[in-house]
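The values are calculated or read from the model by the stated rules, or taken from the named source; none is laboratory data. For clarity, every value in this text was computed on a predicted model and none was experimentally measured. Don't worry about glycine lacking a Cβ; one is built from the backbone with ideal geometry, like all the others, and counts go over all protein chains shown. These accessible areas exclude ligands, DNA and RNA; they are computed on the full protein's heavy atoms, side chains included. Shrake-Rupley method; radii C 1.70, N 1.55, O 1.52, S 1.80 Å.
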Amino acid sequence: MNNQTDVTELIFLGFSNHPSLQGLFFLVFLVIYLTTLLGNVLIIMATRISSALHTPMYYFLSNLSFLDICYTSTTIPVTLVNFFREKKTISYRGCLSQIFFLVTGAGTECVLLAAMAYDRYVAICHPLQYPVLMGVKVCVCLVTGSWLCGLVNSVTHTVLAATLTLCGPNHISHFLCDVPLLLKLSCSDTSLNEFVLHVASATIGLSPCLLTAVSYILIISAILRIPSAQGRSKAFSTCASHLTVVIVFYGTANFNYDRPREGYSLDMDILVSVLFCVITPMLNPIIYSLRNKEVKYALRKLTAGYVFSGNSSV
């Protein structure tokens, strides 16, 4: 990573417009972070403990929860510490590390959500072949492939970012490091970096989104052909939670990365990124616990078991 840069640390300008609200921001982010950790840990524990959740759909869900924990832990702890600093800094290598884990998380989640959509497609459109098409090896390969796609994409962006020459200024108009933000600070040629960004947007971003959309078009078409209203309702309920998560994820991601950068204030940029990077991982376990009866039952059983064991020990 010897990139001959004069910049050794970067200064975040995010939330600097409201110095009197730093304490409030800290409390809000802390509550969101703890809620995210608790919700996703409970989902992972429930899918491991409850035998009713030992299915491919919940195997993917537990991986999604683990991914959300890693994703938020990349940015929120640094942000929480910076709320108490007058000068909100991060080292250059720390910034590259944050980019690596952020891009890994975002890319992996795109592909993982497409794999989850494929699982729902097989379950509804080919129920008799489901045990064969979604066997243990297939599920492990899909999850492993999701992580590999995210890692390869992230390594590529991080290595290219490490070759940039940063001559100053070292101010980032945000509360986190991301590839487009680092490109703005570069005084060297960024054409290769921008080209790779466009390729990655098409392969890791757009392609899984299109596969997910096609899967749900086929799913909805199959559901509408079910003769009974009860059957249609039951079939749709099995994919309603995932469809909601997909809409929230791609909706916030599209608004965060594909909207015009001109004409928006710093506060608006921060708000949009908070929705994508902070709020979405918190909402995922809430959506699944509210929309899915099996998850709700497993969570109630899990929490009741801990309460009972706690009372017994007393």
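So how many Lys-Lys pairs in the chain land under 21 Å Cα to Cα, not counting same-chain pairs under 8 apart?
5
What whole-number distance in Å separates the alpha-carbon centres of the stretch 1-80 and the stretch 98-135?
Result: 21 Å between the Cα centres.
Give me the percent relative contact order of the chain, please, defined on Cα pairs under 8 angstrom at least 6 residues apart.
Details: 357 pairs, mean separation 89.2, N = 314.
The normalised contact order for the chain reaches 28 percent.
DSSP loop trypsin sites (Lys or Arg not before Pro) in the stretch 217-256 with at most 15 other Cβ atoms within 10 Å of their Cβ, which ones? List each step's numbers first, then the result.
Details: sites: Arg225, Arg232, Lys234; in loops: Arg225.
Passing sites in the stretch 217-256 are Arg225.
Counting Lys +1, Arg +1, Asp -1, Glu -1, what net charge surrounds Ile226 among other residues with beta carbon under 10 Å of its beta carbon?
+3
Between beta-carbons, use under 13 Å as the cut-off and find the net charge around Val103, counting Lys and Arg +1, Asp and Glu -1. Walk me through the numbers on the way to the answer.
On the way: positive: none; negative: Glu109, Asp178.
After counting each charged neighbour, the total is -2.
Any idea of the accessible area per residue across the chain, 1.4 Å probe, to the nearest Å²?
50 Å²
Count the net charge of all other residues whose Cβ sits under 15 Å from the Cβ of Gly145, scoring Lys and Arg as +1 and Asp and Glu as -1.
Combined, the nearby Lys, Arg, Asp and Glu give -1.
Which FRET efficiency value, to the nearest 0.05, is calculated for Lys296 and Tyr130 with the Förster distance at 22 angstrom and r the Cβ-Cβ distance?
0.40
Shape verdict for the stretch 1-107, please, from the Cα gyration tensor: rounded (a/c under 1.5), prolate (a/b greater than b/c) or oblate. Before the final figure, lay out each step's value.
Details: a/c = 4.28, a/b = 1.66, b/c = 2.58.
It comes out oblate by the Cα gyration axes.
If I fit a long axis through the Cα atoms of helix 136-162 and take the longest principal axis of the Cα atoms of the chain, what angle between them do I get, 0 to 90°, rounded to 10?
On a 0 to 90 degree scale, this one is about 10.
In the stretch 167-231, what percent of the accessible surface is made up of carbon and sulfur (1.4 Å probe, ligands and nucleic acids excluded)?
Carbon plus sulfur share of accessible area: 70 percent.
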